[in-house]
1. What full-extension length gain, to one decimal in nm, is calculated for SER23 and ASP74 as 0.36 nm per residue of separation minus the Cα-Cα distance?
2. Note the full-extension length gain between ALA50 and LYS200 as 0.36 nm times their separation in residues minus their Cα-Cα distance, in nm to one decimal.
3. Please name whichever of TRP124, GLY91, PRO68 sits farthest to the positive end of the charge dipole of segment 61-137, dipole taken about the Cα centre and charges placed at Cβ: Lys and Arg +1, Asp and Glu -1.
4. Calculate, for segment 109-180, the solvent-accessible area per residue in square angstrom, rolling a 1.4 angstrom probe over the heavy atoms of the protein chains.
5. Taking only protein heavy atoms and a 1.4 Å probe, what accessible area per residue, in Å², does segment 183-299 have with all protein chains in place?
6. Heavy atoms only, probe 1.4 Å: what % of the accessible area of segment 117-178 goes to carbon and sulfur, would you let me know?
7. What does the net charge come to around ARG28 if you take all other residues with beta carbon closer than 12 Å to its beta carbon, with K and R at +1 and D and E at -1?
8. How large a share of the accessible area of segment 243-293, in percent, is made up of carbon and sulfur atoms when the probe is 1.4 Å and the other protein chains stay in place?
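The values are calculated or read from the model by the stated rules, or taken from the named source; none is laboratory data. Treat the numbers as computed from the prediction; the structure is a model and nothing was measured. Neighbour counts run over all protein chains shown; Cβ positions are idealised from the backbone, glycine included. Accessible surface is based on the protein model in full, side chains and every heavy atom, while ligands, DNA and RNA are left aside. Shrake-Rupley method; radii C 1.70, N 1.55, O 1.52, S 1.80 Å.
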Amino acid sequence: MSHASAPWSRPSPPVQEPPRTRSLFYHRLAHADPRHRWWMPLVEGLILLAVLLLLTIGFFLIMVFAAPGRIEGDILAMDQLDPVVFFILFGSVVLMLPSALLARLVLGPRPLGLIFSVTGRIRWKWLFTCFVAAVAIYALINAIAVGLELTAGGRPVSLQPAPGFWWLMASLIFVVPLQCAAEEVVFRGYLAQTIGRWLKHPAWAILLPVPLFVLGHAYDIWGQLSVGIMAVAMGIITWRTGGLEAAIALHAVNNMTVSLMAMVGLTDMNDTSGAPTDLIAVTLINGGYVALVFWLVRRNRSVAVTRTIVLPPPPQPARLPELDHRPPRLSADASGLAAYVLDPATQRYLVLPPQYGPYSVRDGQGRYVGLLDTRTAHGAHTGDDVAPAAPGGTSSESTPRPNGSDPHGTPSPAPPAGPHGTTTPPSPGATPPPAAPGERNVAPTYTGRHDG
């Protein structure tokens, strides 16, 4: 309600603002799905474990029937270079990959590919680049180690292929990379994004999964420290590159290198012990690979490291419609200010049905200022019976006029019956006008909600 000369009587067209955006690192990608909730990663983990348990039981039953008499007792105590044992050890870990993907498919976040990278898919070209970089680092560090050993008086070791070498090679090529990808999807994917769903700083997502990853390897303290260094390195490059590709490449090259060396007699795959000197080689290899990947990311601008999402627009303040869209006014006071009821949700004026009057009128702060009676009497709508305003109240929406006319004597037309707002009785102390014969004396207050 306002005079015709009020500042908002001729509103200027709204200015179209650019959409608000937000950039998310890999560990925060759960926030890219607006339907994702804080509790969903917990249920996702339960689904992952349940599916993994079922697949593991089925996998071992199949292997027992496929290779009878080959699996007895503790499989970890058996010769890991036995082709069947080798396939079971690495193949059982592969089962984590479909388990994690199925759990993510059920609960999200969407799309499913966010578990691989910020682009929502596996970046195969980047994966191949990182694989070549990891091979180069391992070849360089091992060549330096062999050269130092020979310089110190060591003797070359003759290569002795293990029994079933080609079966082992087939598993090395087709199973080991999948095993590494499965571990990365779970430890650097699911766990990191679960932690990132609740904690913003990437250090939490990088470091908290490390103990679980280390405990999954049956080594002594030095071996576990080596695994921990590698886990930290893979977590860092996952965060820095915006995906799992660099970590999968490092993990795959490491496991394939160790397995291949064991297959030709250069190392003992069954040995779970380590030495403090092993930490030097592990630190050099992983540190060199991390530095190389960082350099490649800076050089290759096409590798996305964050995902940009469009945020929903902020709630807009209530705007008054054009003056010519106002309905006939209900009443006016001595100042000529008329009463109009606006629904802020729909930006439409409401027509107050007279049969439910009188209505309580309140100002912009919700203070009671008077009553507006829109009831009919003997079939004719008056629309101008108004109780006096409360002392000290100034209505920002309506200040009733007792005689129902503006200062020029023009009577206020009656509004037609129609939908109305949710109402409540007027403030205590207000005395509504008496009801006409046969009518109810109800004095509700319009609250701005449109229930019709």
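1. 13.6 nm
2. Numbers: separation 150, 0.36 × 150 = 54.00 nm, distance 2.85 nm.
Gain on extension, ALA50 to LYS200, equals 51.1 nm.
3. Value: TRP124.
4. Per-residue accessible area for segment 109-180 comes out at 62 Å².
5. Working: 4880 Å² over 117 residues.
Value returned for segment 183-299: 42 Å² of accessible area per residue.
6. Working: 3110 of 4190 Å².
Looking at segment 117-178 in its full context, I get 74 percent from C and S.
7. Details: positive: ARG22, ARG197, LYS200, ARG307; negative: ASP33.
Net of charged neighbours comes to +3.
8. Working: 1300 of 1920 Å².
Carbon and sulfur: 68 percent of the exposed surface of segment 243-293.
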